[in-house]
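A short worksheet on the structure shown next.
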Amino acid sequence: MKRIAIIIVGFLIGFIVFMPKKEIFFLLQRVLPQQNIQITSTPSQNPIKLTLFNTKIFYSNIKTASIKEINIYPLLLINIIKAKNIKLDIGNIQIKTLNAYFTLYPKTFIKGDGNIGEFEGWISLKEAKIYIKNPSFQIKPLLKRDKKGYFYYEKF
């Protein structure tokens, strides 16, 4: 039984280390234009993470966000994204740090801080909503409210 567990753990570690992270990013760059989204970035990888520098995100050829650095940790069972210095061109929102954690569970948990204050919540792709727990007064006017709490709805 120990031997099987060691083989499985070794396989998972090997898969993470040798995963073609840059190629997955390039595939994403080819697929997203079908949704009117383009991403430009300078990628770099090491055995456990993919780093994207000076990322710009365009929606329908309109620049919507600039991100200085994004670190993506594809760890299979839990995936982590850490972004620094995000500037959203909509509403002049600047976010110093944003951390997102997602697993097989259908929610992506987020936590960050910026000129809109500190925030945490989750993204529901099924509902196409971003929920914020206890939003600061700077961001409350941008949000709506339902039974689950404050949320931002955007069709995505």
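Please treat every number below as a calculation from the coordinates, not as lab data. Since this is a predicted model, take the numbers as computed values, not measurements. Cβ atoms come from the backbone with ideal geometry, glycine included; neighbour counts cover every protein chain shown.
Stretching Lys111 away from Asn85 to a fully extended chain increases their span by 8.0 nm, per 0.36 nm per residue minus the current alpha-carbon distance.
Under 5 Å between amide hydrogens, built in the peptide plane, is the criterion, and for Asp89 it picks out Ala65, Ser66 among residues at least 5 positions away or on other chains. The modelled label-to-label distance between Leu77 and Thr97, using points 7 Å beyond Cα along the C-beta direction, is 2.5 nm.
Close amide H partners of Leu75, meaning residues 5 or more places away or on another chain with modelled amide H under 5 Å apart, are Ile80. Distant-in-sequence amide contacts of Ile116, defined by a placed amide H-H separation under 5 Å and a gap of 5 or more residues or a different chain, comprise Gln94. Over the residues of the chain, the helix contribution to mean residue ellipticity at 222 nm works out to -6000 deg cm²/dmol, using -39500 (n - 2.57) for each DSSP H run of at least 4.
Each 10 Å bin from zero holds the following percent of Cα-Cα pairs in the chain: 10, 32, 37, 15, 6, 1. Backbone geometry of the stretch 106-123 corresponds, through the Karplus equation with coefficients 6.51, -1.76 and 1.60 at θ = phi - 60°, to 3J(HN,Hα) couplings of x, 10, 10, 8, 10, 8, x, 8, x, 6, 9, x, 7, 8, 8, x, 8, 10 Hz, x marking Gly and Pro.
The calculated FRET efficiency for the pair Ile13 and Arg145, based on their C-beta separation and a Förster distance of 35 Å, comes to about 0.20.
Net charge near Gly121, counting Lys/Arg +1 and Asp/Glu -1 over other residues with Cβ under 9 Å of its Cβ?
Net charge in that neighbourhood comes out at +1.
An oblate overall shape is assigned to the stretch 66-141, the ratio a/c of its alpha-carbon gyration tensor axes (a ≥ b ≥ c) being 1.5 or greater and a/b not exceeding b/c. With each label modelled as a point 7 angstrom along the Cα→C-beta vector, the Asn36-Lys56 pair spans 2.0 nm.
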